[in-house]
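The values are calculated or read from the model by the stated rules, or taken from the named source; none is laboratory data. Because the structure is a prediction, the values reported are computed rather than measured. Cβ atoms come from the backbone with ideal geometry, glycine included; neighbour counts cover every protein chain shown.
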Amino acid sequence: MNCEKIKELILTDYIDNEISGEKKVRLNIHLAHCLECREFFEMVKNTIVEPFASAKKIDPPGFIWYRVKEAIIAKQQERLGFVASIFKKLRSVFYIPKPALAMSTIMALLFIVALMVNLKFSNKQALETNREDQAEYSTFSIETPVNAVLNNDGGFGTLVEKYFL
Amino acid sequence: MQDIPKETLIKAQKDDLESFENIYKETSGFVYNVAFRIVNNKQDAEEVVQDVFLNIYHSLKNFRFQSSFKTWVYRITINCAINHVKKIVREKNRIKEYGNNFMQTGETSQMPEVEKVNEGQKEIISSLLGVLDVDQRACIVLRNIEGLSYQEISDTLKININTVRTRLKRARERLLDFGKEALKNEL
């Protein structure tokens, strides 16, 4: 390692204890033999490291917390006020006078009930018709022999049969 | 700073002001010191601390416990402080411009005298930090005053570890030059 590289390391990793074991040993050996680098290290220590090492820690003034707290509470209230104002705006946009709202609700309910009743009855009627048809067909199938339905050719006398046979 | 229990953080995430006050008590010390060293002025540091804690309060819901809470707080502090310094510089430049316009029309500006008075009151650390740009200052504060490792600084500032090394090197070179000049002036 030359002096330039040593000085670079002194300015960074060496004074900050970020240097690895072997590198540190080599640097210490160099410092022991090189007066220029040793003087540079002393200067760095006195000018850069020591003034900051003696830096006083200052306590923050107590009023800062009260300011922060006040600002947080104000923000919370503002947020609540914002939500309330949105509800207010929504109410004014969708405002419907009460009697009209009640009347429209009743009308809607009546309509739904009427629709359901109507559906129920129409279904019942369709079911009965279907059942009657089935009963009639069953009676016909049981009482009428198959030959009576068939014509002389042994067919049912349909147009399709006439065409092909 | 002691480790803040996870339950306290979870409660604070649910808008519990008492838990948030506990977080403030634990962290406000280093937040204030870091902010003060970066903005180099007590009044501005107070404003930054306020900003930092309001920021923490609003962003706490997004904290997913994937990184260290302390690193997260450091990051918010550094960002708020750097933004504050940039804002002050912008304002100063505007005032300077405004002052120059007045000078041209025969009026005088009071700003330089006020600055001279403040210069005289500064302690050594403030003077040293004053010669650095804000990014270098952040690195020096985190390393030399807060004692963070290169890896921790890299995590806090979200920059490569070699960038941390380079910023520290350049900052220290500048500090050495400043020291030499100050010594020359004394002689």
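Things to note:
- Qualifying residue in the stretch B:67-86 (condition: surrounded by 13 or more Cβ atoms within 10 Å (Cβ to Cβ), without any contact (Cβ under 8 Å) to a residue 40 or more places away in the chain, within 14 Å of B:F36 (Cβ to Cβ) and not assigned by TED's automatic domain parsing to the domain that holds B:I145): no
- Long-range neighbours under 8 Å by Cβ, at least six apart or interchain, first residue assigned by TED's automatic domain parsing to the domain that holds A:T12 and over 18 Å from B:A182 (Cβ atoms) within the stretch A:34-51, second of a type in the set (F, W, Y) and assigned to a helix (DSSP H, G or I): A:F41/A:Y14
- Residue match in the stretch B:99-109 (condition: at pLDDT 95 or above, of a type in the set (G, A, S) and on the phi < 0 side of the Ramachandran plot): no
- Residues in the stretch B:154-182 that are more than 9 Å from chain A (Cβ to nearest Cβ), in a helix (DSSP H, G or I), over 13 Å from B:I140 (Cβ atoms) and more than 18 Å from the chain's Cα centre (by Cα): B:I161, B:N162, B:T163, B:D177, B:E181, B:A182.
- Checklist (1) in contact with an Asp or Glu (Cβ under 7 Å, 6 or more places away or on another chain); (2) within 21 Å of B:F36 (Cβ to Cβ) applied to A:F63, failing item: (1)
- Note on the stretch A:132-165: among residues that are assigned to a loop (DSSP other than H, G, I, E, B) and aliphatic (A, V, I, L, M), the one that is modelled with the lowest pLDDT is A:L150.
- For the stretch B:178-187, residues that are within 17 Å of B:L129 (Cβ to Cβ) and either surrounded by fewer than 12 Cβ atoms within 10 Å (Cβ to Cβ) or not assigned by TED's automatic domain parsing to the domain that holds B:D133 (or both) total 1.
- Members of the stretch A:51-68 that are assigned to a helix (DSSP H, G or I) and either touching a helix residue (DSSP H, G or I) at 6+ places or on another chain (Cβ under 7 Å) or more than 10 Å from every other protein chain (Cβ to nearest Cβ) (or both): A:P51, A:F52, A:I64, A:W65, A:Y66, A:R67, A:V68
Each row is one residue, and each column tells you yes or no for (1) crowded, with 21+ Cβ neighbours inside 10 Å; (2) over 17 Å from A:E50 (Cβ atoms); (3) at pLDDT below 95.
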site	(1), (2), (3)
B:S126	no, no, yes
B:V134	no, yes, yes
B:I145	no, no, yes
B:I153	yes, yes, no
B:N160	no, yes, no
B:T166	no, yes, no
B:A171	yes, no, no
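- Checklist (1) within 14 Å of chain B (Cβ to nearest Cβ); (2) under 30 Å from B:I125 (Cβ atoms) applied to A:E36, failing item: (1)
- Restricting the first member to the stretch B:142-153 and to residues that are within 7 Å of chain A (Cβ to nearest Cβ), and the second to residues that are of a type in the set (D, E, K, R) and in a loop (DSSP other than H, G, I, E, B), the beta-carbon pairs closer than 6 Å and six or more apart or on different chains are B:Y150/A:E18.
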